[in-house]
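The structure appears below as structure tokens.
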Amino acid sequence: MSLTKPELIAFSQNVLGGVQSFYYNLLRNDTEDYFNKRWLLVQHEAHKGVAPIIPFGIGETVIECFNEKKKAENALIIEKWIANTPGVILVNHQAELESLLQYPKPDKVVFCMVHDDLYLHTAWHYICVIDVLVTHNYELYQKLLMMFPEREKLIFFLPYGIHLSPKTRNENLSENLTIAFLGRLCVEKGIYDLVEIDDLLKAHNLMVNWLIIGDGPEREKFESIICPR
């Protein structure tokens, strides 16, 4: 008699970004094959145009929702994708947490992935439906311990990032500084801070060549600001 494997559901938004990279590596490198895995990508109206062009190829499904302000409607849509069977849910954003708040799944253990400061507020607001908190940033790990001291044993630091090259580069003392920004072009990512950074550097006679890689809802407005510069 074969035993049914528990289910692992990973939620993320259907946009290119670090969260997608995190889940791609996490799910692709699951060597134990302990779970039946599903990757559910929530797509709101504002995400159109910034979604991945090529599928990740590891069983993901796109869930079409309303705009992000229609919490009740989105919660009901998402609820239909979550069976109350034993397993784990990996959450990040308001949409799936609001669904779990309105439609609890007591047989699922909820892991909230805290990627940066923006996720701290979400975790605080929905802590009543979160079982475990996980972050790959040590500073955020310390903040979570301060915010939820009673959850100390259920807060985990999971290192994730790049290996720094041991190669030493030559100092650039004569040419323009080159700075690259890779990310979604939205207010939450701080793209307008780049304009202020550019002004501060120029005030110190430091000329910069910017390389902006990304797309998003603020692209047109952002380009109108930086192009005349």
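Below is a table of values for the structure above.
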item	result
For region 113-224: rounded, prolate or oblate by the Cα gyration tensor [a/c cutoff 1.5]	prolate
Centroid-to-centroid separation of region 121-140 and region 166-229 [C-alpha atoms, Å]	30 Å
Segment residue 107-residue 181, extension gain: residue separation times 0.36 nm, minus the distance between their alpha carbons	22.5 nm
When each of 108/153; 37/71; 70/189; 5/70 is checked by Cα-Cα distance, pairs over 28 Å	5/70
Region 144-185 - Rg over Rh from alpha carbon coordinates, Kirkwood radius	1.24
Packing-based order for 25-32, 121-128, using average beta carbon neighbours within 10 Å, highest first	121-128, 25-32
Estimated dipole of the chain in Debye, rounded to 20 [Cβ of Lys and Arg +1, of Asp and Glu -1, Cα centre]	300 debye
Under 5 Å, built H, 5+ apart or other chain: amide partners of residue 181	211, 212, 213
Computed log₁₀ I(q)/I(0) - Debye formula, equal Cα scatterers, no solvent, region 177-226, q 0.21 Å⁻¹	-0.73
Rounded if a/c under 1.5, otherwise prolate or oblate - region 7-157, Cα gyration tensor axes	rounded
Stokes-Einstein D in µm²/s, Kirkwood radius over Cα pairs - region 58-99 at 10 °C with 1.306 mPa s viscosity	141 µm²/s
Cβ-based charge dipole, region 117-229, positive-most Cα from 204, 122, 161	161
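Computed from the coordinates by the stated procedures, all read-outs in this text should not be read as laboratory data. Computed from a predicted structure; not experimentally measured. As a convention, Cβ positions derive from the backbone with ideal geometry for all residues, glycine included, and neighbour counts pool all protein chains shown.
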